[in-house]
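The values are calculated or read from the model by the stated rules, or taken from the named source; none is laboratory data. In this text, all values refer to a predicted model and were calculated from it rather than measured experimentally. Quick reminder, even Gly has a Cβ in these numbers, built from the backbone with ideal geometry, and neighbours come from all protein chains shown. These area figures cover heavy atoms from the full protein model, side chains too; ligands, DNA and RNA do not enter into them. Shrake-Rupley method; radii C 1.70, N 1.55, O 1.52, S 1.80 Å.
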Amino acid sequence: MEMISQNKSFGGWHKQYTHRSDVLNCDMRFAVYLPPQASAETPVPVLYWLSGLTCTDENFMQKAGAQRIAAELGMAIVAPDTSPRGDDVADDPAYDMGKGAGFYLNATQPPWSSHYRMYDYVVEELPALIEATFPVTQQRAIAGHSMGGHGALLIALRNPQRYSSVSAFSPITNPMNCPWGQKAFTAYLGNDRLQWAQYDASGLMAAAEHKLPALVDQGMADNFLQEQLKPEMLEQAAQLSGYPLQLRRHDGYDHSYYFIASFIEEHLRFHAEHLF
Ligand SMILES: N[C@@H](CCC(=O)N[C@@H](CSC=O)C(=O)NCC(=O)O)C(=O)O
């Protein structure tokens, strides 16, 4: 693992690293924010942030303004990339397929299956590396935006024992029934809808038994709201299983990081309630 940048921020440190990923079979980059409290004597819990289509580890760290509150709360934040990277990794010219669009699943179909295993990377490999390297505890929360909101929800729903809480901004809630999800699932998973269902947040929430605190914020001026995101599907799923979902709608907010920056403090404080 190699550190490629570091910046002091609110008394803590924002750092970027590259490392070899055995799961993804390529070199990867991630970012970590370590608050001032983090030390071998006082390890801190970690919030994993999953970004959306076209993003890298940088979008959240540079635009969300999360570092001030993370420093106050004593919470580390880890932001992975959104797909495998490198010259030998399959890609597609469209922004919603291939690099930058890993959808946090394990692809089963060629040419994607040789690298696209973001589910295993985020659930297993990256936390193991983070916990072996930095002064952090095994207390974890997970959050994300759009495609990353979908990733955070499905990963928390499938691994409730690994996280204390989950939150999302503008998540894709029902990828089996929206154009972004159907395109990605067909390419990465083939036509078997039983495989698709393993990665559908609404289906997973409707059937959930072990329930985590869950917060979702959705802007009502979001261009993707009706065709791609469909928060009402997650709401219906939560009603079916009695899931403790807090879904908030905000007039006038769009899909951008201006929306995320407006409410990220509330998400960090929500996670802190359950992490500490
Ligand atoms: N057509 C756009 C689409 C890309 C986009 O809007 N990406 C969002 C996430 S959308 C769902 O996952 C994003 O977070 N963009 C990065 C940012 O910093 O705002 C395009 O190609 O630009």
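At a glance:
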| item | result |
| --- | --- |
| Residue in region 49-59 that is at negative phi and either in contact with a Leu (Cβ under 8 Å, 6 or more places away or on another chain) or more than 16 Å from the ligand (Cβ to nearest atom) (or both) present | no |
| Residue satisfying all of: in region 148-169; in a helix (DSSP H, G or I) and away from the ligand (no atom under 16 Å from the Cβ); most open to solvent (accessible area, probe 1.4 Å) among these | Gln161 |
| Near pairs, Cβ below 9 angstrom, 6+ apart or cross-chain, from region 237-263 (of a type in the set (Val, Ile, Thr)) to any residue that is crowded, with 17+ Cβ neighbours inside 10 Å | Ile260/Phe60; Ile260/Ala64; Ile260/Ala66; Ile260/His145; Ile260/Phe169; Ile260/Ser170; Ile260/Asp217; Ile260/His267 |
| Count of residues meeting criterion [away from the ligand (no atom under 16 Å from the Cβ), open to solvent by 10 Å² or more (accessible area, probe 1.4 Å) and in a helix (DSSP H, G or I)] in region 203-225 | 3 |
| Unmet requirement for Ser39, which otherwise passes all of (1) part of a strand (DSSP E or B); (2) over 14 Å from Ile77 (Cβ atoms); (3) out of contact with any His (no Cβ under 7 Å at 6 or more places or on another chain) | (1) |
| All positions within region 1-36 that are β-branched (Val, Ile, Thr), in a strand (DSSP E or B) and either out of contact with any strand residue (DSSP E or B) (no Cβ under 6 Å at 6 or more places or on another chain) or surrounded by fewer than 21 Cβ atoms within 10 Å (Cβ to Cβ) (or both) | Ile4, Thr18 |
| In region 44-69, the residues that are among the β-branched types (Val, Ile, Thr) and either over 15 Å from the mean Cα position of the chain (by Cα) or open to solvent by less than 10 Å² (accessible area, probe 1.4 Å) (or both) | Val44, Val46, Ile69 |
| Positions within region 70-118 being outside any helix (DSSP H, G or I), open to solvent by 10 Å² or more (accessible area, probe 1.4 Å), farther than 23 Å from Gln182 by Cα and not acidic (Asp, Glu), in sequence order | Gly86 |
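Here's the yes/no breakdown for (1) touching a His at 6+ places or on another chain (Cβ under 9 Å); (2) basic (Lys, Arg); (3) under 18 Å from Ala76 (Cα atoms); (4) open to solvent by 50 Å² or more (accessible area, probe 1.4 Å):
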site	(1), (2), (3), (4)
Glu235	no, no, no, yes
Gly242	no, no, no, yes
Arg249	no, yes, no, yes
Ser256	no, no, no, no
Glu273	no, no, yes, yes
